[in-house]
Protein chains: 2
Amino acid sequence: MTTFVTLTQEEASQLSHEILTRYGYSRPHAAAITRNIVAVQRDEGHSHGLYRLISCVETLRRGGVSPDAVPRIEDTAPSVVRADANNGCSLLAFEQARPLLLDKARTNGIALLAINNSFHFSALWPEVESLAEEGLVALAMTPSHAFVAPAGGSRPLLGTNPLAFSWPRPGRDPFTFDFATSMVARGEIELHRRAGKSIPDNWAVGEDGLSTTDPEEALRGAMLTFGAYKGSALSMMIELLAGPLIGDVLGHETRPATAENSGRPWHGELLIAIDPHKLLGDTMHYHLEHAEILFEEVLAQGARLPSQRRYEARMRSKETGINIPEALYQELTMLRDAPL
Amino acid sequence: MTTFVTLTQEEASQLSHEILTRYGYSRPHAAAITRNIVAVQRDEGHSHGLYRLISCVETLRRGGVSPDAVPRIEDTAPSVVRADANNGCSLLAFEQARPLLLDKARTNGIALLAINNSFHFSALWPEVESLAEEGLVALAMTPSHAFVAPAGGSRPLLGTNPLAFSWPRPGRDPFTFDFATSMVARGEIELHRRAGKSIPDNWAVGEDGLSTTDPEEALRGAMLTFGAYKGSALSMMIELLAGPLIGDVLGHETRPATAENSGRPWHGELLIAIDPHKLLGDTMHYHLEHAEILFEEVLAQGARLPSQRRYEARMRSKETGINIPEALYQELTMLRDAPL
């Protein structure tokens, strides 16, 4: 049984901000990171919530992120924005490039944001959801360190390569999904390791290429993609689009920051935003309402929408506060208070 | 054992063209359809090759396609082209809108083509591959008649909703995939039915919502998506992007043409094209070569690239001609020669 500590949104944000600035993140970076992870924690996304503060600090200590990098935003083409994160965290680069992305999508109908050279640890859904809240349809993807074998292969090559999508729903929370193209997010395996639990046998192979239920072995071996050769193809697409297409590296060319400062964790992220109003004009409201039929039919079958649990958690957190596992809370307050 | 008849590309094209024009397709439509299905047959894509001539004729007889519709191409926004197929086949609309899509992608970096009100029966890969041959990166998707249950559901709601992607490889065939988000393409179940073969038990549920190995029962029931809830989310994304976003219907609102002329088979298709040169300028060649590392590493693990078998088939067909199952060939020549 996990015991939780409940914080207000302000308390959770302050804890995050204090930890990040204490270890050297600039105020703009600390603010952008805090907005992301507190939103994720509020939605009970424990693997990508405040837990990530630990790796943000670890990565900084290991030279894997520039804590005060100033993103350089470039207007590359009528429908293309580039944001060079300069080895800083991707989140500030996204926030600073976002207005130009919105503007280009609204002017041209579709636009692309390429984030380069970024340290990336976060869930993608807050980014696509923030675009859907502006009325845009949005896609985001990023390659990451090579933990996943391609279908038919046996060695790590692909990142966990998440894909996120958000669709604006008039008067309702957006339809959003955000999934790793690996069978599960690597963070899930890490949480199992921390909890001393075994993993299902279709999540990963060990270094010997054979199926394993040991999270330690899985983290040393290769994860598997979801959906066999189709999931593997999708993962390769993400490597290409958020890698070479935007002039950045492939997932297997990034390495987590290490104690020896030998990591090279920076890579790319791609976002695409589409403006339904530019495509549909006065008929937009009709067609957005029309899309609701799809969601209603899913629910009428007793199935759930991808983001449904998360929005339910958000409602709960708004009423009762943000829940953090007590062990994590202790770890975070130690991080905040322990002598440097 | 299937016996094959071997035709030259010209013979296969002539057979297709004669059948299509005999039953009333205009010459431009017959030419566009022929280019697509002969290319697919050449690559040994039997489910979407010349076999589809039968349904092209059936659909026409049942009032499900306008055989001489003239597509209306509209320059909707700086990065958006719309092609109203006017209830004609999607392929001619694509071909006629393609130059403007290419132009917009090259000018703005990314562009979107919305095809509306189209009869669609074809594999998507020839379309994205034709864009990759022009040096662009391309995505295509389309919803179709509702045959697939959402994850956690039990009734048909989603189309087989294929997703296709193509990536230009300097001096080589593009990296291309084209897969249904259903466990298999519906055409595969139809081929099993025609061959009197049972299907694996994870492809579909019957009308009772339970798993089935009987293709007849599966065609009356609901297919399943690949990759459980992730595949289901992806399929919903395709419904939304190639449906309401472009002012068109949802998959379950289309119905195959029937003998009673009660079908409503028309729907939308969405393509996105990105110009790597506009994004990368002089560094494009470096980054496209860099992407080759990904493909080399997949092959080095003994795994295959998604399009590899198809390109191998293409090589064979170039040397020895196009293979068509003899039973299908007999059916097609009857279609060409039988009294009307």
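The values are calculated or read from the model by the stated rules, or taken from the named source; none is laboratory data. Being a predicted model, the structure only gives us computed values, none of them experimental. Heads up, the Cβs are rebuilt from the backbone with ideal geometry, glycines too, and the neighbour counts pull from every protein chain shown.
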Of all residues in segment B:275-321 being within 7 Å of chain A (Cβ to nearest Cβ) and surrounded by 20 or more Cβ atoms within 10 Å (Cβ to Cβ), which is nearest to residue B:171 (Cα to Cα)?
B:288
I need a count of the residues in segment B:281-318 that are within 30 Å of residue B:10 (Cα to Cα) and either within 20 Å of the chain's Cα centre (by Cα) or among the acidic types (Asp, Glu) (or both).
10
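Which ones in segment B:144-160 are more than 8 Å from chain A (Cβ to nearest Cβ) and out of contact with any Ser or Thr (no Cβ under 9 Å at 6 or more places or on another chain)? Please lay out each step first, then the result.
Of segment B:144-160, the ones more than 8 Å from chain A (Cβ to nearest Cβ) are B:144-148, B:156, B:158-160.
B:156 - this is the single residue of segment B:144-160 that is more than 8 Å from chain A (Cβ to nearest Cβ) and out of contact with any Ser or Thr (no Cβ under 9 Å at 6 or more places or on another chain).
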Here are some conditions: (1) at the interface with chain B (Cβ under 7 Å from one of its Cβ atoms); (2) within 30 Å of residue B:284 (Cα to Cα). Residue A:226 meets all but one. Which one does it not meet?
(2)
Restricting segment A:230-267 to residues that are acidic (Asp, Glu) and in a loop (DSSP other than H, G, I, E, B), the one nearest to the other protein chains (Cβ to nearest Cβ) turns out to be A:248
From the list A:114, A:123, which one is among the small types (Gly, Ala, Ser), within 11 Å of chain B (Cβ to nearest Cβ) and within 29 Å of residue A:60 (Cα to Cα)?
A:114
May I ask you to say which residue of B:296, B:326 is at pLDDT 95 or above and not assigned by TED's automatic domain parsing to the domain that holds residue B:135?
B:326
Any chance residue A:140 is within 12 Å of chain B (Cβ to nearest Cβ), under 22 Å from residue A:89 (Cα atoms) and under 19 Å from the mean Cα position of the chain (by Cα)
no
List, please: which pairs have Cβ atoms under 6 Å, are six or more places apart or on different chains, and start with a residue in segment A:4-30 that is of a type in the set (Asp, Glu) and end with one that is in a helix (DSSP H, G or I)?
A:18/A:336
Taking the options A:140, A:164, name whichever one is in the same structural domain as residue A:255 (by TED's automatic domain parsing), surrounded by fewer than 24 Cβ atoms within 10 Å (Cβ to Cβ), hydrophobic (A, V, I, L, M, F, W, C) and modelled with pLDDT of 95 or more.
A:164
Of all residues in segment A:190-229, which are part of a helix (DSSP H, G or I), touching a Leu at 6+ places or on another chain (Cβ under 9 Å) and either free of Cβ contacts under 8 Å to residues at least 12 places away in the same chain or buried (at least 24 other Cβ atoms within 10 Å of the Cβ) (or both)?
none
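Among the residues of segment A:118-135, how many are closer than 15 Å to residue A:307 by Cα and touching a His at 6+ places or on another chain (Cβ under 7 Å)?
The number of residues fulfilling the criteria is 1.
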When residue A:37 is evaluated against the numbered criteria (1) over 30 Å from residue B:283 (Cα atoms); (2) more than 13 Å from the chain's Cα centre (by Cα), which criterion, by number, is the only one it fails?
(2)
For segment A:177-199, state whether one or more residues are aromatic (Phe, Trp, Tyr), at the interface with chain B (Cβ under 10 Å from one of its Cβ atoms) and under 30 Å from residue A:299 (Cβ atoms).
yes
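Results for (1) closer than 30 Å to residue A:108 by Cα; (2) surrounded by fewer than 19 Cβ atoms within 10 Å (Cβ to Cβ), shown as yes or no for each residue.
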residue: A:43; (1), (2): no, no
residue: A:53; (1), (2): no, no
residue: A:63; (1), (2): no, yes
residue: A:67; (1), (2): no, no
residue: A:78; (1), (2): yes, yes
residue: A:82; (1), (2): yes, no
residue: A:86; (1), (2): yes, yes
residue: A:94; (1), (2): yes, no
residue: A:97; (1), (2): yes, no
